[in-house]
Structure formats: structure tokens, C-alpha cells
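The values are calculated or read from the model by the stated rules, or taken from the named source; none is laboratory data. Note that the structure is predicted; figures quoted are calculated from it, not measured. Cβ atoms come from the backbone with ideal geometry, glycine included; neighbour counts cover every protein chain shown.
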Amino acid sequence: MNIKNILAHEEKDLKKLENLKLLPNRVKTIGINLLILSVILLFAGKFLFTEYHTVRLVIKNLILISLLLISVSRNKIEDERTLRLRVQSYAFAFITGVLYAMVQPFAILLVESIMQSELATLVELSVFQVLIFMLLVQISYFNFTMRHR
Amino acid sequence: MYNSLKVERAILDITQEELAQHIGVSRQTINSIEKNRYVPSTVLALRISALFKKTVNEIFVLDDSDA
């Protein structure tokens, strides 16, 4: 294999990574602002809305959307290292998300049985909990490795 | 693998930011390469070596741990 073939092969691999369709960098700012607004509404909603349970569901979805926007928006400079760390962070978030979904109900059961043994029950995790955990892990892992690796 | 990127940069008297702009990556990527935390792709290594007018092997060197 000559050097041209090696280069062509590697360029192709990098292009595959670049095919991750990311949103423009300004979307990250929109996502952060939306997240702040959603968290404020989540806490202040009890006093502002009469139909709080319905509003709460909408706010939870807003939190998920804002985290997703932060997660899939480009950095100011997106290069091969950024793309590699991004892919690693998604893999890490997926694996920890699965482990979290398996372990967390039993961890709650254990804590509850220690605290109040009669009321201890095995509660299933909600989709929202798992998704928010995975998105938070992905964003944290990506930003941490961007700074320290 | 270790590299002499910092030395080469000092010879040309350019900052990490300037080098990053020349080869089209972020300053953090140059910093990570200099600290041996990130191994660049062949394409990036060739771009760096072309800028310093040296071969890739003169800048990036395999050590015992790569054997």
C-alpha cells in the first residue's frame, strides 16, 4: 500500500466521522438558555400554573430538547480530535446509561430497605430519567475530555 | 510515541494558536499533541511535517511502549 492509498483511506475515515450531522455552534447557546429557562420553570411552575402535572411533562420534554441541542451542536472549531472525543463520549454515555438503568432500581430498593424496610419496593426507571442521565453523561464527558485530554 | 512539535514550533517561533490556524485544527488539539495525550491522524501528521519542512519520522518518533 503506497502513501497515497494510506492517505486516501484515512481521509475517507475522517469524512465518515464528519458525516455526523451537527447543528451550528449558535444552537448550543440556544440550548443553554432553554435549559436555564426550563429548570427555572420546573421549580417555579408549582406557583405559576394550576395544571402543574401537565406543564411538568412539557417542561421535562423541554429539558430533554435543550440537552439534545447542546449535545448535537458543533464546537467553534470542529477538528478530528473533537470528532473522536464526541464519538467516545456517545459510546461512554450509552454504556453508563445501560448500567444506570440496571443498577439504579436496586440501589433505590437497597437504600429504602435500610431506611424503612416495610415500604421498600422495586421501582422501574422512567424513560426521562434514563435519557437525561445519558445526555448529562455525554455532555459532561465530552467537555471534560475536551479540556483535559 | 513522542514528538518534537514544541521544539519545532520554538524554532519557527510560532505560538500554538498560530500553528493551529495554519493546519486547520484547534489550539487544544496542538496542546494535546505536544503533551502526547493525542496521536494525530496520518493526514494531520503530514500537514504538520510539511509546515516544518521535515519528514513525519523526524517529528513523531515511536518509543518502547509502541513496540
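Taken across the range A:72-80, residues that are within 14 Å of another protein chain (Cβ to nearest Cβ), under 30 Å from A:His148 (Cα atoms), in a helix (DSSP H, G or I) and not β-branched (Val, Ile, Thr) do occur, with at least one present.
Within the range A:123-136, residues that are of a type in the set (D, E, K, R) have Cβ atoms under 7 Å from residues that are modelled with pLDDT under 95 in these pairs: A:Glu124/A:Pro105, counting only partners at least 6 apart in sequence or on another chain. The test for being surrounded by 12 or more Cβ atoms within 10 Å (Cβ to Cβ), without any contact (Cβ under 8 Å) to a residue 24 or more places away in the chain, under 21 Å from A:Arg149 (Cα atoms) and of a type in the set (D, E, K, R) does not hold for B:Lys6.
The conditions of being basic (Lys, Arg), under 30 Å from B:Asn31 (Cα atoms), in contact (Cβ under 8 Å) with a residue 24 or more places away in the chain and in contact with a Ser or Thr (Cβ under 8 Å, 6 or more places away or on another chain) are met by A:Arg149.
For the range A:134-149, name all the residues that are assigned to a helix (DSSP H, G or I) and within 12 Å of another protein chain (Cβ to nearest Cβ). So that I can check it myself, show each step before the final result.
Filtering the range A:134-149 down to residues assigned to a helix (DSSP H, G or I) leaves A:134-148.
A:Asn143, A:Thr145, A:Met146, A:Arg147, A:His148 - these are the residues of the range A:134-149 that are assigned to a helix (DSSP H, G or I) and within 12 Å of another protein chain (Cβ to nearest Cβ).
Is it true that A:Ser89 is under 23 Å from A:Val39 (Cα atoms), in a helix (DSSP H, G or I), under 11 Å from the mean Cα position of the chain (by Cα) and among the hydroxyl-bearing types (Ser, Thr, Tyr)? Don't jump to the end; show me each part of the working.
Details: under 23 Å from A:Val39 (Cα atoms): no; in a helix (DSSP H, G or I): yes; under 11 Å from the mean Cα position of the chain (by Cα): yes; among the hydroxyl-bearing types (Ser, Thr, Tyr): yes.
Taking the combined requirement at face value, the residue does not satisfy it.
If you go through the range B:9-38 one residue at a time, how many are free of Cβ contacts under 8 Å to residues at least 24 places away in the same chain and at the interface with chain A (Cβ under 9 Å from one of its Cβ atoms)? Total meeting the criteria: 10. Figure legend. Inter-residue proximity from the range B:39-50: first residues more than 7 Å from chain A (Cβ to nearest Cβ), second residues of a type in the set (Asp, Glu), beta-carbon distance below 8 Å, spacing 6+ or different chains. Indicated pairs: B:Pro40/A:Glu80; B:Ser49/B:Glu58.
State whether one or more residues within the range A:38-57 are surrounded by 14 or more Cβ atoms within 10 Å (Cβ to Cβ), outside any helix (DSSP H, G or I), in contact (Cβ under 8 Å) with a residue 24 or more places away in the chain and away from every other protein chain (no Cβ under 14 Å). Checking the range A:38-57: not a single residue is surrounded by 14 or more Cβ atoms within 10 Å (Cβ to Cβ), outside any helix (DSSP H, G or I), in contact (Cβ under 8 Å) with a residue 24 or more places away in the chain and away from every other protein chain (no Cβ under 14 Å).
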